[in-house]
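Following: one structure in C-alpha cells, then a few remarks.
Throughout, read-outs are computed from the coordinates displayed, never taken from laboratory work. None of these values were measured; they are calculated from a predicted model. Reconstructed Cβ throughout: ideal geometry from the backbone, glycine too, with neighbour counts over all protein chains shown.
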Amino acid sequence: MSEIVIIGAGLSGLTVAYELSKHGVPSLLIEGRNRIGGRINTVEGPIEMGATWFGQQHITLVKLIEELGITSFEQNTEGKISFDPGPKTALQYFDYPQGQAPSFRIKGGTLALLQELKSKTTGAKVKYDLNVIGLKLIGNSVQISTDSGETLTSSIVISTIPPQLLATNINIEPEIENERLELMLQTHTWMGESIKFAFSYIRPFWKENRLSGMGFSQSGVIQEVHNHSNFENNFFALKGFLNPNLVRLNEEQRKELVVNAMTKLFGHGAKEFISYKETLWINEKNTSIKESAPLAPHQNNGHPILAETLLNGRLIMAGSETSSRFPGYMDGAVNSGLRAAQEAIKLTKSGK
Ligand SMILES: Cc1cc2nc3c(=O)[nH]c(=O)nc-3n(C[C@H](O)[C@H](O)[C@H](O)COP(=O)(O)OP(=O)(O)OC[C@H]3O[C@@H](n4cnc5c(N)ncnc54)[C@H](O)[C@@H]3O)c2cc1C
C-alpha cells in the first residue's frame, strides 16, 4: 500500500497518522519545523508556550486523551484574582466566579499528548525541517515540491497547514478558484498573533497573599496571567498573554514592562523569578502571516468550504481551522484529523 503524505506534524497531522495506522495505512509526515507539535510547544518546566487548556465540552479531544491513557488535571484557581484597571488606578481583587466550568491541563505538558500519539502510531515516518512549497495534480497523483529541492509523489495528500498560510505559501496547480482562495486568506489562524510569556519561581509566592496567580490587566502590557505550576506541584510558574502590539519592542524592553506589570498584579515577589520565557507567534514562519488588516478572532473558522478537498479529491484538508466543531482549538485539530483520515481511508479503499 502506498504511503499517504501528511503535511504538518502538529496535533492534527499526528491524529491523522494515528488513525491511519489503526487501519494499517502507512503515512509520511512532512514537517517544516525541527519538532512535532506546531502550535503546541511545551518547553522546559513544563511551560506551555502554545496550547494549554481543554474542557469537558471538547469531547473528541477528551476521548483521545482517555484512549491514550493520559493523565489530566484541573487548572488551579484557588485564591483571589488580581485585576489592574490601568495606570493611576489601584489594583482590585475578585473571587473566582462560582459555577464556572473547570479547565484542564495535561500532566507533563501538552507535548505529552503528542508524544503518546506518535509512540502509539505504527507505520509512520516524519521528515523534519522540510517545507512544502508546491502541490501539483499530475494524473491521479499529487506532486509535492519542497524547499530542499526534493520532490515526492503520492496519490493522497492531507494538508494540516492553517488555511491562510496554505493560501499564501503553497503554489497549488491547478490554481484554487478565487472565491475559495479569498476565503482561505480571510481565515484567522487562532492565536497566530498572540504573545505568550512565562516566569518560573522557586516558590509560589503569590499564595502567601492568598492570591490565585490569576490576573487580568488593562495596563496595555499583560492581558491575562494564570497559575502555571505543574501537576506534582513542585515546579512553580505564572504564565499568560501579552498585548500583541508589544511585538514592536525588543525582548529586553518587553521584559521590563512585563516585570513591572507583574509586580503591580502580584507584589514584589514577582521580580524574583528564575526564568523568563516568551514566544511571539507572529514571528513563527509556519503558523501565521503578518496581515496588513488584522482579522477578527476565529474569523471564518470552521467554514464548511475549508474542509472540502482540492486537486480532484486528492488533497484532503485537515487542521483545526477546518473543523466543524471547536475550530481553532485542540479539539478541532483532533476532530479534523479524524475526519481527514476517514476520507483518505475511503479513497484508498475505492481504489481510485
Ligand atoms: C499561544 C497559543 C495558545 C493556545 N491555547 C490553546 C488552548 O489553551 N486550548 C486549545 O484548545 N487550543 C489552544 N491553542 C490552539 C491550538 O494550539 C491549535 O488549535 C492546535 O494546536 C492546532 O493544531 P493543528 O495541527 O491543526 O495546527 P498546527 O499546530 O498549526 O500544525 C500545523 C503544522 O504544519 C506545519 N507546517 C506549516 N506549513 C508547513 C509547510 N509549508 N511545510 C511543512 N510543514 C508545515 C507547522 O510547522 C505545524 O507543525 C493555542 C494556540 C496558541 C498559538
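Quick notes on this structure:
- Using alpha-carbon coordinates, inclination of helix 251-266 to the longest axis of the chain, degrees: 50
- Helix-only CD estimate at 222 nm, as mean residue ellipticity for the chain, using -39500 (n - 2.57) per DSSP H run (n ≥ 4): -7000 deg cm²/dmol
- Förster-model FRET efficiency, 22 Å R0, residue 2 and residue 67, C-beta, rounded to 0.05: 0.20
- Cα pair count fraction exceeding 18 Å, expressed as % - segment 1-151: 67
- Over all projection directions, the Cα-based convex hull of segment 147-265 averages an area of 12.5 nm².
- Angle in degrees between helix 330-350 and the longest Cα principal axis of the chain, rounded to the nearest 10: 10
- Charging the Cβ of each Asp and Glu at -1 and of each Lys and Arg at +1, and nothing else, the dipole of the chain about its Cα centre rounds to 440 debye.
- GNM flexibility winner over the chain from 36, 59, 316 (Cα, springs under 10 Å): 59
- Percentage of interatomic Cα-Cα distances in segment 7-90 larger than 16 Å: 70
- Length added when fully stretched, residue 275-residue 118, from 0.36 nm per residue minus Cα-Cα: 53.5 nm
- Net length gained if the chain between residue 168 and residue 350 were fully extended (0.36 nm per residue, minus Cα distance): 62.3 nm
- Projected label points at residue 34 and residue 293, each 7 Å from Cα along the beta carbon direction, are separated by 3.9 nanometres.
- Two-decimal log10 I(q)/I(0) for segment 126-181, as the Debye equation yields it once each C-alpha is a single scatterer, q = 0.25 Å⁻¹: -1.16
- Here the spin labels are modelled as points 7 Å beyond Cα on the Cα-Cβ line, and at residue 285 and residue 128 they lie 1.7 nm apart.
- For segment 257-329, applying the loop criterion from DSSP together with a ceiling of 10 other beta carbons within 10 Å to the trypsin sites (Lys or Arg not before Pro) yields 290.
- 11 Å beta-carbon shell around residue 109, net charge (K/R +1, D/E -1): 0
- Gain in span if fully extended, residue 148 to residue 179, counting 0.36 nm per residue against the direct Cα distance: 8.0 nm
- Inter-label distance, nm, simple model (7 Å from Cα along the C-beta direction), residue 22/residue 56: 2.3
- Distant alpha-carbon pairs in the chain (separation over 27 angstrom), percent: 48
- Relative compactness, segment 197-246, computed as alpha-carbon Rg over 2.2 N^0.38 Å: 1.19
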